[in-house]
Amino acid sequence: MYVFFVLPAALLLFFLYLLPLARILMISATDGQGFVANYGAVLTSAPIHRMVWTTVEICAITTVATLLISYLIAYVLLQVSERTRMWMMLCILVPLWVSVLVRAFAWIAVLNNSGPVNSLLQYTGLTDEPVQLVRNQFGVMLGMVHYMLPFGILPLYAAMKGIDPKLISAARALGARPFTAFRRVFLPLSLPGLYSAFVIVFIFSLGFYVTPAILGGGRIVMIAEYIALLISQGYDWGIAAALATMLLSVVLAVVFIAGRFADWDSVLGGSRR
Amino acid sequence: MSAGFLEIRNLVKRYGGAVAVDGASLSIAKGDFLTLLGPSGSGKTTILMAIAGFVKPTEGEIVLSGRNLVPLEPEERDLGIVFQGYALFPHMTVAQNVAFPLELRKWKPDAIAKRVEETLAMVDLTRFADRRPAQLSGGQQQRVALARCLSYQPDLLLLDEPLSALDRQLRARLQDEIKSLHQKVGVTVVNVTHDQDEALSMSTHIAVINRGRIVQYGTPDDIYENPATRFVARFIGRSNVATVERIETKSDGASALIAGQWLPVEPNPAVAGKAALSLRPEMIEIGPLGTDRTDARKVVMDARIENCVYHGGTTALDIRTAIGPLRAEMPTSRLGVRPTAGATVQASWPVRAGRIVSEDDTALDQQ
């Protein structure tokens, strides 16, 4: 009976998602000179290697930076008053409703060579020349971290909220200095939340397309844009599909491995027991 | 007052305009088991948390064996605390929980292992050493919490409603366990509870707290038998309390005017201001009419039975007398014929059983 309620969603997923996905797998194995040639090209081509390393480097740095900043903000959210928390939440959530395109161009407006940040730097005499802040790797990473922060903060905050504050009091009563209580009790108990935030943020970072395209100014090409270029400029559907398949495998592997330690219940709003 | 082991002097805690603790002073000796007893919101937990270091007093001093605790952080006080709900570390095993304070004190690993084993044996949890707290029952968790505090042998053990989360039977058993543990270890204990049975059965001393003030301090039997105020009489055990309009002392003893009747009473010089008469239900004896009324050491009056509830060993009777409705509780075996509602009987009690108490907590002369 209830099957009929799920059916529309299942059909939608099947025809618009699983079927095209299967077709990509097909293309990666059959297009051009076939399976071996396509995957061989991905594994041996020097430009692709450079692009993959750029992607991995940017994703690793932005994921670590996002998680660090998110952890701090989530921890502060936990300590502040109800009223301050409401305002902080608003500041975290409002950017989510602004298009990623608008945000990328906003960063360019703020950070370009004649923008307010560079004007301030020169006015205060910190630099004589404008500092290159966008259209390079730094600009891409800044835009990505900014975009991903809410996705790091919210699961971490949800997990931290589930930690009984009495445990910290208990640790201190037993003789732990505040930092020791944090390191021995709070940090280990917040790890499941950190794992789920990691999975969400890292997978997010792998798929960035618009932000690197605009803030990288064509100089920084990450995997999503590379695949798009392969297809839109008509080079090779086979290699593009092979790259996409490998990206998907990495994502699935991350979800499977890291997801086993993650605390999905509190992230998704369920109870832990 | 000589310097005690733990001294609290004029402790005041205000939150904005609200006063949580209003000038509490206490002194207890080494080895005492003190219970802070009061209704919720009376300030008892605030006093405990001030001793623990989680509440900063607005005024006053807390001195433990000559050491002023107030400026110290919680971790510098070297006390043991069992929190409400136990606050066991869920990511550590029972043994790791107990070892935690020892590791913080930089004990050697083999010394830690030895002490953990001893402590777990003491609370009879040896075979649960490798379990997580979530795999234990409430009573077992409670014993882990105790073991975790006792492992480093603190001078003072603080208990914050340690039994409130447990069911009745388990509570009674753990009361006995905590009491025997207290005798075995010899640690000084400050316990907080709103459960008067727990206070009476476990403590060597009780401080009754109401509205941020210590209303009465004494041994359990002293508090039960000689309540100082109407509040104490009604909060500890059950009591009939009647307002006294006037007390007159003549050559043959004192009398109190209650609801237009003069009753002989024993005067209580500690009560200044408005007074009330407290009479424990079990002190009232119900008998047939026509008992001798000439005994000057007894108060005797007619009573009509309004309700009679059989409790097995005892029988509770609601009676109406010249001084108003009273509740009496008698051993069923001494009652003779089961009284019926509407019957007229004779109620009597020894004059010394009626205690003159202060009507008002604030009018109390603080010793």
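Points worth noting:
- For segment A:193-198, the Karplus equation 6.51 cos²θ - 1.76 cosθ + 1.60, evaluated at θ = phi - 60°, returns couplings of x, 5, 4, 5, 4, 4 Hz by residue, with Gly and Pro reported as x.
- Based on Cα contacts under 8 Å between residues 6+ apart, chain B shows a relative contact order of 15 percent.
- Taking all Cα-Cα distances within the protein assembly as shown, those exceeding 48 Å account for 43%.
- The order of B:His311, B:His205, going from fewest to most other C-beta atoms within 10 Å of their C-beta, is B:His311, B:His205.
- In a reduced charge model with +1 at each Lys and Arg Cβ and -1 at each Asp and Glu Cβ, segment B:231-358 shows a dipole moment near 220 debye about its Cα centre.
- A crude spin-label estimate for the pair A:Met1 and A:Gln233, with each label 7 Å from Cα along the Cβ direction, gives 5.9 nm.
- Using Cβ point charges alone (K and R +1, D and E -1), the dipole size of the protein assembly as shown about the Cα centre works out to roughly 480 debye.
- Percentage relative contact order, chain A, counting C-alpha pairs under 8 Å, at least six apart: 29
- Alpha-carbon centroids, segment A:86-146 and segment A:168-240: separation in whole Å: 20
- Under the shape rule built on the C-alpha gyration tensor, where the axes satisfy a ≥ b ≥ c, segment A:47-267 is oblate, since a/c reaches at least 1.5 while a/b does not exceed b/c.
- Between segment A:6-44 and segment B:148-207, the C-alpha centres lie 67 angstrom from each other.
- Note that segment B:25-41 has calculated 3J(HN,Hα) couplings of 10, 8, 9, 10, 8, 4, x, 5, 10, 9, 10, 8, 10, x, x, 5, x Hz, one per residue in order, obtained from phi through the Karplus relation 6.51 cos²θ - 1.76 cosθ + 1.60 (θ = phi - 60°); glycine and proline are x.
- Selection of trypsin sites (Lys or Arg not before Pro), segment B:71-174, meeting DSSP coil and at most 16 other Cβ within 10 Å: B:Arg105, B:Lys106, B:Arg131
- At R0 = 60 Å, FRET efficiency that the Cβ-Cβ distance of A:Leu96 and B:Arg105 yields, to 0.05: 0.80
- Cβ-Cβ FRET estimate between B:Glu59 and A:Met88, R0 fixed at 56 Å, reported to 0.05: 0.95
- Signed unit charges on C-beta, dipole axis of the protein assembly as shown, positive-most listed residue B:Ser25, B:Val345, B:Ser151: B:Ser151
- Dividing the summed -39500 (n - 2.57) terms of all DSSP H runs of n ≥ 4 by the residue count of chain B sets its mean residue ellipticity at 222 nm at -7000 deg cm²/dmol.
- Most fluctuating residue given options B:Phe83, B:Phe235, B:Phe33, as computed from a GNM of chain B linking Cα atoms under 10 Å: B:Phe83
- Segment B:40-83 shape via C-alpha gyration tensor axes, a/c threshold 1.5: oblate
- Note on segment B:214-317: Rg/Rh from Cα positions, Kirkwood definition for Rh, rounded to two decimals, is 0.98.
- The simple spin-label model puts a point 7 Å past each Cα toward its Cβ; for A:Ala60 and B:Asp195 those points are separated by 5.7 nm.
- Whole-Hz ³J(HN,Hα) from phi, Karplus 6.51 cos²θ - 1.76 cosθ + 1.60, for segment B:261-275, glycine and proline x: 10, 8, 10, x, 9, 9, x, 10, x, 6, 8, 10, x, 5, 10
- By the Stokes-Einstein formula, at 1.567 mPa s and 4 °C, chain B with its Kirkwood radius over alpha-carbon pairs has D equal to 56 µm²/s.
Quick note: the coordinates plus some simple rules give every number you see, no bench work behind them. Source: prediction; values computed, not measured. All Cβ positions, glycine included, derive from the backbone under ideal geometry; neighbour counts span all protein chains shown.
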